[in-house]
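Taking it in order: structure first as structure tokens, then the write-up.
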Amino acid sequence: MKRVAFITGGSRGIGRAIARRLAAEGCAVGIDYLQAKDQAEDLVRELTARGCAAVAVQADVADREAVTAAIRRVEAELGAVSLLVNNAGIAGQHQFQDITEDFWRRLFAVNVDGAFHTIQVVLPRMIHEKAGCIVNISSIWGQRGASCEAAYSAAKAALIGLTRSLAMELAPSGIRVNCVAPGVIRTDMAEVLGAETLSALAEQTPLGRLGTPEDVAAAVAFLAGEGAGFITGQVITADGGFIL
């Protein structure tokens with residue numbers, strides 16, 4: 001039976017690379033987007049032209065009803081979701097005393113509540129089938145923390161805690177839950193730091209370069225594959241050795 005993957009934030013950057021990689025691995029893919037409709041639909045055209053089953057759906061992951069509707073549409077068109085990748089996320093740099101309550105709550109609503117919503121929607125069928133795989137995308141800042149990124153670091157740390165707890169809870173049902181913690185990856189989110197800062201970060205990385213979305217996608221594909229069938233509750237750090 002063909003696996004069906006649902007990828008939040010799947011239209012751009014890391015999510016786009018994950019969708020491409022999982023489609024290449026034989027998955028049908030549901031690509032969730034918030035605003036990048038043209039990019040999501042372009043990706044669907046690209047994948048379907050290669051013979052892959054794909055559909056784009058719009059949903060703000062912070063909105064439980066929108067998430068439910070999006071997943072139900074994917075299930076209607078592609079089949080039951082057996083692989084969930086929680087990739088959607090937002091960030092922002094602020095000194096802690098300057099963080100507004102609205103920013104704090106929105107960041108957690110997307111980065112943490114989004115995963116809560118998607119997992120709860122797909123979980124009943126996974127439990128019924130005694131099979132399923134969930135991969136959460138955290139960050140090295142959720143492992144170590146970062147100056148002026150307290151909100152983002154806290155939210156990404158919460159995803160790691162969620163991953164480990166759910167792995168224990170869902171293992172008896174045959175469901176694996178793992179996490180990928182990317183380092184500095186060349187995406188739109190990173191480009192706002194500027195060329196000088198990115199160059200300095202590359203120099204600080206033991207492997208001597210910044211990561212690519214494809215680096216993260218490869219880690220996700222491994223955790224989603226049969227070769228990781230005895231792996232659950234783990235965090236794979238894809239950062240070129242940045243936080244060693």
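Taken together, 157, 146 contain a single residue that is out of contact with any strand residue (DSSP E or B) (no Cβ under 8 Å at 6 or more places or on another chain), surrounded by fewer than 21 Cβ atoms within 10 Å (Cβ to Cβ) and not in a helix (DSSP H, G or I), which is 146.
Of the helices (runs of 4 or more DSSP H) lying entirely inside segment 185-243, those containing at least 1 residues that are more than 18 Å from residue 87 (Cα to Cα) and either modelled with pLDDT of 95 or more or open to solvent by less than 20 Å² (accessible area, probe 1.4 Å) (or both) are 195-204. Within segment 160-184, the only residue that satisfies the criterion of being open to solvent by 40 Å² or more (accessible area, probe 1.4 Å) and among the basic types (Lys, Arg) is 164.
For segment 124-145, the set of residues classified as more than 30 Å from residue 95 (Cβ to Cβ) and without any contact (Cβ under 8 Å) to a residue 24 or more places away in the chain consists of 124, 128, listed by residue number.
The values are calculated or read from the model by the stated rules, or taken from the named source; none is laboratory data. For clarity, every value in this text was computed on a predicted model and none was experimentally measured. Note: ideal-geometry Cβ built from the backbone for every residue, glycine included; neighbour counts use all protein chains shown. Just the protein is used for accessible areas: all its heavy atoms, side chains included, with ligands, DNA and RNA removed. Shrake-Rupley method; radii C 1.70, N 1.55, O 1.52, S 1.80 Å.
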